[in-house]
Amino acid sequence: MHDIAEGLVPTTIQLVLSHYHKNKSLGFNASFINDRIHLFAYGYIDRKNRPCANFTDGMLSKPSTHKLKQTASQNLLLLRSFSFLFGDNVPADCEYMRMIGHLLNIARILMSTIISDHMLVTLEELIRLYEESFYNKFHRRLNKNHHLDHYIQCIKKSGNMKQYNCLVFEQKNKPNKNQSSTCRNFKNICKNLAQRQCFTMAIDLLDNPFTDSITYYGGNLVKREHCCSARYIDLCVPYVFVPKKVTINGIDFRKNLLVCIKNHDDEYYPSYGIIVEIVVMNTTIFLLLKLCKTNGYDDFLEAYEVAVERCEKIVSFEQIHSHTNFAFWSPFGSDKKYISR
């Protein structure tokens with residue numbers, strides 16, 4: 001969180017935008033950047049973390065004295081959407097945009113819960129390319145770059161880095177902050193707040209059933225022939241439950257959201273589907289999906305280009321990657337649909 005999301009990411013983004021700002025022919029100013037950030041459709045899953053359109057000319061002309069004012073999550077989303085926001089205004093072979101791509105793929109590997117020898121080799125090469133480009137373009141080396149050099153050794157020794165990411169841990173401080181801001185007892189404040197936090201965590205552990213947390217919102221019990229998935233459901237099932245939305249382990253699934261299918265047809269590209277309907281039969285959750293064809297991977301945007309097909313498929317919840325969902329992203333001035341990993 002501190003090395004990447006609050007360190008290298010905002011610094012790199014600000015320096016790259018400052019370079020574009022100095023090149024007057026590109027037309028980068030605070031108003032242009034804010035409009036692009038404000039108008040971009042980030043999708044349902046990223047709507048809470050969309051970056052603030054608060055850039056000023058001082059941030060672009062004097063990046064050493066005016067820092068970006070974004071949270072860690074906003075910085076990561078700004079990094080992921082950077083090429084979609086500004087890629088149409090820079091040359092296709094822009095080395096600064098390629099440096100952004102290197103940093104984006106570094107962040108993706110470091111945020112992954114799965115690590116392999118191949119990924120570590122890739123990470124080592126990405127770090128080398130990013131640091132060489134950063135130093136050649138800006139003639140400076142940050143302390144965070146030195147931290148980055150040790151990440152591969154740390155992963156080999158202690159496992160994936162996401163389990164040590166304090167992005168989640170710092171959320172636990174929010175109840176204490178809220179209580180301390182309204183507290184009128186000034187005796188042993190820190191001790192009392194720490195005890196309350198420990199008690200809360202203990203109660204959560206005792207109440208945790210250690211099973212999937214599933215919550216249904218709205219919906220109706222309907223006859224099989226009245227739902228969109230009727231032709232995929234066994235005739236011996238007279239009724240099914242069709243919820244409007246279901247939240248599983250904190251992730252929302254509802255109509256028109258995109259999910260990634262585990263058993264994909266292509267050996268090299270993942271397969272995606274748009275949720276048409278959610279059906280529950282005998283406590284088992286099924287998703288009726290409108291399939292999408294993955295045409296290829298765009299190295300400039302660091303995203304998969306997809307096209308929506310007419311064919312549909314019903315899959316059980318176990319057949320999709322349930323850790324997140326996706327939304328279509330499109331660069332400005334383009335009708336093509338992309339899915340950012």
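The values are calculated or read from the model by the stated rules, or taken from the named source; none is laboratory data. Small disclaimer: the values here were computed from a predicted structure and weren't measured. All Cβ positions, glycine included, derive from the backbone under ideal geometry; neighbour counts span all protein chains shown. Please note that ligands, DNA and RNA were not included when accessible areas were found on the heavy atoms of the full protein model with its side chains. Shrake-Rupley method; radii C 1.70, N 1.55, O 1.52, S 1.80 Å.
General remarks:
- Here the 3J(HN,Hα) profile of the stretch 327-341, calculated from phi with Karplus coefficients 6.51, -1.76 and 1.60 at θ = phi - 60°, is 9, 6, 10, 9, x, 4, x, 10, 9, 5, 9, 10, 10, 7, 5 Hz, Gly and Pro shown as x.
- Protein heavy-atom accessible surface, 1.4 Å probe, per residue over the stretch 285-341: 48 Å².
- From the C-alpha gyration tensor of the stretch 25-116, square roots of 5λ in Å: 23, 17, 14
- Length-normalised contact order of the stretch 185-307 in % [C-alpha pairs under 8 Å, at least 6 apart]: 16 percent
- Label zone (LYS255, point 7 Å along Cα-to-C-beta; backbone nitrogen cut-off 16 Å) within the stretch 280-306: 280, 287-290.
- Extension gain, LYS336 to HIS150, is 63.1 nm, computed as 0.36 nm per intervening residue step minus the present C-alpha separation.
- Ignoring aspartates and glutamates fewer than eight residues from LYS172 along the same chain, the ones with Cα atoms less than 14 angstrom from its Cα are ASP204.
- Helical contribution to [θ] at 222 nm, DSSP H n ≥ 4, -39,500 (n - 2.57), averaged over the chain, rounded to 500: -12000 deg cm²/dmol
- Over the chain, relative contact order from alpha-carbon pairs under 8 Å, at least 6 apart, %: 14 percent
- Across the stretch 1-157, Cα pairs under 8 Å and at least six residues apart give a relative contact order of 25 percent.
- Dimensions of the stretch 171-233 from C-alpha coordinates, computed as largest minus smallest value along each principal axis and given longest first, are 66, 25, 17 Å.
- Pair LEU120, ASP88: separation of 7 Å Cα→Cβ label points (nm): 4.3 nm
- The phi torsions of the stretch 216-232, fed into the Karplus equation with coefficients 6.51, -1.76 and 1.60 and a -60° offset, translate into couplings of 9, 10, x, x, 9, 8, 10, 5, 4, 6, 9, 9, 5, 8, 4, 6, 9 Hz, rounded to whole numbers, with Gly and Pro shown as x.
- Taking THR71, THR294, THR211 as the candidate residues, the one with maximal mean-square fluctuation in a Gaussian network model of the chain, Cα springs under 10 Å, is THR211.
- Read-out mean projected area of the Cα convex hull in nm², derived from the coordinates shown; its label in [x] 21.1; [y] 22.2; [z] 17.8: [y]
- Largest GNM mean-square fluctuation across LYS172, LYS48, LYS62, computed for the chain with C-alpha springs under 10 Å, falls on LYS172.
- Table column - 3J(HN,Hα) (Hz), the stretch 168-174, Karplus curve with 6.51, -1.76, 1.60, x for Gly and Pro: 7, 4, 6, 5, 5, 7, 4
- Positive dipole terminus of the stretch 240-341, leading residue within PHE328, GLY296, PHE317 (C-beta point charges): PHE317
- Cα-centre dipole for the stretch 268-341 with unit charges at Cβ (Lys and Arg positive, Asp and Glu negative), debye to 20: 140 debye
- Top of SER158, SER83, SER31 by mean-square fluctuation, Gaussian network on the chain, Cα under 10 Å: SER158
- Placing +1 on the Cβ of every Lys and Arg and -1 on the Cβ of every Asp and Glu, with nothing else charged, gives the stretch 199-341 a dipole about its Cα centre of roughly 620 debye.
- Per residue, the stretch 115-184 exposes 71 Å² of solvent-accessible protein surface, assessed with a 1.4 angstrom probe and all protein chains in place.
- The stretch 41-132 - percent of accessible surface contributed by carbon and sulfur, probe 1.4 Å: 55 percent
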